[in-house]
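Structure, as structure tokens:
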Amino acid sequence: MNGIDISRYQKGINLAAVPCDFVIVKATQGTSYVSPEYKKQIKQADNLGKLLGVYHYASQGGAIPEAKHFLDVVEPYIGKAILFLDWEGEQNPNFTNPEYAKAFLSYVKQQTAIIPMIYMSKSVCRQYSWDASYPLWNR
């Protein structure tokens, strides 16, 4: 399967022209940011019959407050889209602390009864000890 992740930086993307089976859309970051494009991007992907995911870009503010913000925003898509945590070093002061990511993922699972996924680069997978109970999408 081929998939892509998109955010506000792909504003106006024509997903019909992109050869992909699934689309993962950035919805939130930190404890207050909401992507201004995410609803339009989700609707377009859904209308094209693409498999769908939504993601939160880990930042700062506490793992649980970040998870609450994410769930509040993506609530209409829970059960329709795979839930992801995007774990990158840029804009993430907690990057070297896998426990922060695990706390976020555990809270999402506890609140939704859905096992979320984490997404990161292959090099990050090898750098830290990750909890194998959360599926991984790496690039």
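The values are calculated or read from the model by the stated rules, or taken from the named source; none is laboratory data. Because the structure is predicted, anything quoted here is derived from the model rather than measured. Using ideal geometry, Cβ is built from the backbone for each residue, glycine included, and neighbour counts are taken over all protein chains shown. Heavy atoms of the whole protein, side chains included, go into the accessibility calculation; ligands, DNA and RNA do not. Shrake-Rupley method; radii C 1.70, N 1.55, O 1.52, S 1.80 Å.
Some observations on this one:
- Residues located in segment 1-38, provided they are aromatic (Phe, Trp, Tyr), under 29 Å from GLY62 (Cβ atoms) and surrounded by 16 or more Cβ atoms within 10 Å (Cβ to Cβ): TYR33, TYR38
- In segment 16-35, the condition of being under 17 Å from MET117 (Cα atoms) and free of Cβ contacts under 8 Å to residues at least 12 places away in the same chain is met by no residue.
- The number of residues in segment 39-61 that are hydrophobic (A, V, I, L, M, F, W, C), over 15 Å from TYR77 (Cα atoms) and either within 12 Å of the chain's Cα centre (by Cα) or buried (at least 21 other Cβ atoms within 10 Å of the Cβ) (or both) comes to 1.
- Residues satisfying the stated conditions in segment 29-56, i.e. assigned to a strand (DSSP E or B), small (Gly, Ala, Ser) and more than 13 Å from PHE84 (Cβ to Cβ): none
- Within segment 6-28, if we keep just the residues that are assigned to a strand (DSSP E or B) and out of contact with any Phe, Trp or Tyr (no Cβ under 7 Å at 6 or more places or on another chain), the residue that is farthest from ASP86 (Cα to Cα) turns out to be PHE22.
- As a summary of the residue check, PRO65 satisfies the conditions (1) modelled with pLDDT of 95 or more; (2) open to solvent by less than 50 Å² (accessible area, probe 1.4 Å); (3) not small (Gly, Ala, Ser) except for the one numbered (2).
- With respect to (1) touching a Phe, Trp or Tyr at 6+ places or on another chain (Cβ under 6 Å); (2) surrounded by 22 or more Cβ atoms within 10 Å (Cβ to Cβ), the lone exception for ALA81 is condition (1).
- First in segment 68-88 and among the polar types (S, T, N, Q), second anywhere and surrounded by fewer than 17 Cβ atoms within 10 Å (Cβ to Cβ), Cβ under 6 Å, 6 or more apart: none
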